[in-house]
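The numbers here are math on the coordinates, done by the rules we state, and not lab data. Everything quoted here is computed from the prediction, not taken from an experiment. Heads up, the Cβs are rebuilt from the backbone with ideal geometry, glycines too, and the neighbour counts pull from every protein chain shown.
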């Protein structure tokens, strides 16, 4: 009972749903009235009415006004193409079903390229479905296109001009708040305000969790080949990395080693993060990237002096004290610089050229994104294929059955087809309940109004308001109810049939629901959860390979890191999609969400280490005399790879999770002694490669300390999966 009460509870932060509904209630009836009463063309009126619904209810693009306008114009062009193809196929069931399969897959799969494509998928599909499922000769095409373009023009103008949504509740604003909280934490640690540090750590953690929650709750990841989108997506991960470096589990970075240089570096970090926050909020302040670079270089020189000053055979604690603080602050500076660059790009500002630009070339990025997801293990690929098959079957059955409003069959299929059979089944129950409520309300309404057309026209804006508001602010079931009421009123204006239109709708959508359930049972019924562990294992393996390749490139100059980076990026993207969808699935088990989330974050941390090592390798100075110093690195990096690959295998196969591997302490001593001897010569040509070996060793040390944390969560996840299977 509580579940049904929650299904009709209003939730509309910032009145975003009300804004959208008001726009639809104003524009859709107006466009429909113009098409029906003034132009007086039935085909034009139908496409104007449903086109307005698609542009105003089924899609709402975010971002800058110029980007939104381009997105709406692109949707209008895609819709016109879909209507053309759909109309030409509308009189042949096989042709319509085949075209639906191809177009459905292309539209659903295109979401991997750009978040705007993903957001527009339902509206784009509706244009083809409507054209294909209302049979008409080619001579009807001009009127259909005129109706759609009228709706697209009016809908775009309304979205951009009528009660525009406030921009506070956006992912970019959440990133700005998180960056500001991190800046305040850095400033507090710099001032040594020990009583306030815990509060600042908590505040920064809260801001980052809110940002991560909003990021994961976004149905479509804001990624793609466009710079601002890709940068905003990367910024979320980069701020997480800044937080991990600024406030690690044990303690924040100390400032007692190289104190003056450390303080200068942390001060530059605090100011850069504060400026990045202001930039994201639309302010004029810009982060000082040169200052970050300069303070980082000064820190490296000071560290070199400290290493030379170490006594021969120094104890491991002395080595750790000397290296760890400087490493964390150096890494913090680098991560803050990258976060600042992402903030500039996400805010559409120019950024100095760097080897780690978020996007180099739009076409290459689009090609790479497409290839990454063309894999049967990829959740995007599976969902696109499942959706295309379901819609194609629905189109064929609806066309062959000769139902009165056969496009409702396809709309019913589209509305409840989810990523797994259980989720589809639950959607069917709620959709049927919502449709039944809508039929009851709509039938009572048209019976009371009778044949009074003027009253139906007066009621239409309120019905559209309800139908637009309910799915966003209340629930899926309420949305089905509201949409059914809209159809009752709309079809009794176009062709008065009274309450009997409800019987037609319940029959047609029930067929569509049955098709969705059948497809959900036959094609990957377990959804993203069945892929999540496989993608976790693949991400750990590819990221571990990336770490090894980057270390080898740093030490020996081998050129395999770029290939490993591409494979790691593809695995990371597939993991992100599977994790995002698993959170959205109703079948997701809440008891292991924390463990799975920690493991996903661990895979990202492993990849971040590979990126850092690769960045060191890209600035490598050839100095073969230091290659003997790297012998310990080769041993350690292979041990790290073995552990993380074994961890992934344990997650997939349910075997025992490996304990953290045993580090080679003597090898680390030899590395530090070797580096110290190189620095003691005073040869400046040796300083950079020697310090790079130290930084690489510290990155591997971070990954080793991460193993214990991940092994606990992995053991809990494996135990939970075994218990569920039992």
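For this structure, a couple of remarks:
- Footprinting exposure proxy ranking of 109, 491, fewest other C-beta atoms within 10 angstrom first, gives 491, 109.
- Fewest-first sequence of 236, 38, 441 by Cβ atoms within 10 Å of each Cβ: 38, 441, 236
- With 0.36 nm allotted per residue and the present C-alpha distance subtracted, the residue 194-residue 297 stretch has 34.3 nm of extension available.
- Once both labels are positioned 7 Å from their Cα atoms along Cα-to-Cβ, the gap between residue 680 and residue 666 label points is 2.1 nm.
- Every pair of different Cα atoms in the stretch 54-121 enters the Kirkwood calculation, which places the hydrodynamic radius at 13.0 Å.
- The order of 288, 350, 41, going from fewest to most other C-beta atoms within 10 Å of their C-beta, is 350, 288, 41.
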